[in-house]
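The structure under discussion appears below in the form of structure tokens.
The values are calculated or read from the model by the stated rules, or taken from the named source; none is laboratory data. These numbers were taken from a predicted model, which means no experiment stands behind them. Every residue, glycine among them, receives a Cβ derived from its backbone with ideal geometry; neighbour counts consider all protein chains shown.
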Amino acid sequence: MKSSNIFRKIFRTALIQNFIFFSRQLIKKYRRPVKIFTNNKSYFKNKSAIEIGGPTKLFEDESKIFPIYSELSSIDNCNYNENNFWSQLKDGDEIEFNKREKIGKQIVADASDLSRIKDASYDLLINSHVIEHIANPIKALFEWKRVIKNDGIFVMVVPNKEFTYDNKRPVTKFEHIVEDYTKGVEEDDSTHFEEVIQLHDLEKDTTVKDYHDHYERTMDNFNRRIVHHHVFDTELVVKIVEFVGFEILGIQKVKPFHIIVVAKNRIQKK
């Protein structure tokens, strides 16, 4: 009698697990892109773009969250050096997007200094989970604004701190980020290192081995660029984007841990 009860429990558990697995697969297969993508899709069609810190899976068709790569006519990519945590590509190398459907070129430059790129060179600028790695976000945003055309589109994905390893850290004050800009803070800034070391949720970070590894890479951040200098929520994202002069077309929180903003570049006439 006992053995039959155990068998039934095992069978029910296996049945439930299989149901959950196949349900998730169906949801993934037939999931539609998020509302902020579909509402603004017309802005992306056959446009030229530059991505900062890519390529990223979030923008691929398979993610079915914000599949922008397929919409664009061309994409270049910018990373701060040739050998980093995310890619190992030399300046001028070809770079593949969306399973070779699109080929662009790799540009090696700091995200907050795109001086080698002419004004209004692209229709769009896109980036995902990049701004938090930059010590002077507003400086970077002004540079990103400069290289896209008037009425061009800006897409930025920011980590929602509630569901990341920043969950124990306070949201950075807008005034502090403006102060960083007015002071001309550079990428060697270590202002937030103590907070990062103390409040980083190691259990939620799959990219770090242990506390020692976390400490080591934090202190070597100028070379690794892995630190989240600032912590964002939706309100802060809106403030910095509008401060730089973008017109927000939409902003949305998206599972599992994204805040996505789409904005239009408005260049003020002199």
Requiring at least 3 residues that are touching a strand residue (DSSP E or B) at 6+ places or on another chain (Cβ under 7 Å), the helices (runs of 4 or more DSSP H) wholly within region 211-265 are 234-244
Taking region 42-70 and the residues there that are under 18 Å from ASN265 (Cβ atoms) and charged (D, E, K, R), the one that is surrounded by the fewest Cβ atoms within 10 Å (Cβ to Cβ) would be LYS45
Test result for GLU186, in a helix (DSSP H, G or I) and at negative phi: no
Can you name the number of the only condition in (1) part of a loop (DSSP other than H, G, I, E, B); (2) under 22 Å from SER190 (Cβ atoms) that ASP91 fails? (2)
From the set of residues in region 220-258 that are surrounded by 19 or more Cβ atoms within 10 Å (Cβ to Cβ) and farther than 19 Å from ASP205 by Cβ, which is nearest to the chain's Cα centre (by Cα)? VAL237
Looking at (1) within 30 Å of GLY92 (Cβ to Cβ); (2) under 18 Å from the mean Cα position of the chain (by Cα); (3) at pLDDT 95 or above; (4) surrounded by fewer than 22 Cβ atoms within 10 Å (Cβ to Cβ), which is the only condition PRO137 fails? (4)
Quick check: is even one residue across region 156-178 acidic (Asp, Glu), buried (at least 18 other Cβ atoms within 10 Å of the Cβ), assigned to a helix (DSSP H, G or I) and without any contact (Cβ under 8 Å) to a residue 60 or more places away in the chain? no
Within region 94-113, the count of residues that are touching a residue at least 24 places away in the same chain (Cβ under 8 Å) and part of a loop (DSSP other than H, G, I, E, B) comes to 8
Only one of (1) touching a Lys or Arg at 6+ places or on another chain (Cβ under 9 Å); (2) aliphatic (A, V, I, L, M); (3) more than 30 Å from HIS176 (Cα to Cα) does not apply to ILE134, and that is (3)
Spot the failing condition for LYS255; the list is (1) out of contact with any helix residue (DSSP H, G or I) (no Cβ under 6 Å at 6 or more places or on another chain); (2) modelled with pLDDT of 95 or more; (3) of a type outside the set (A, V, I, L, M); (4) under 30 Å from PHE37 (Cβ atoms), and only one is missed. (2)
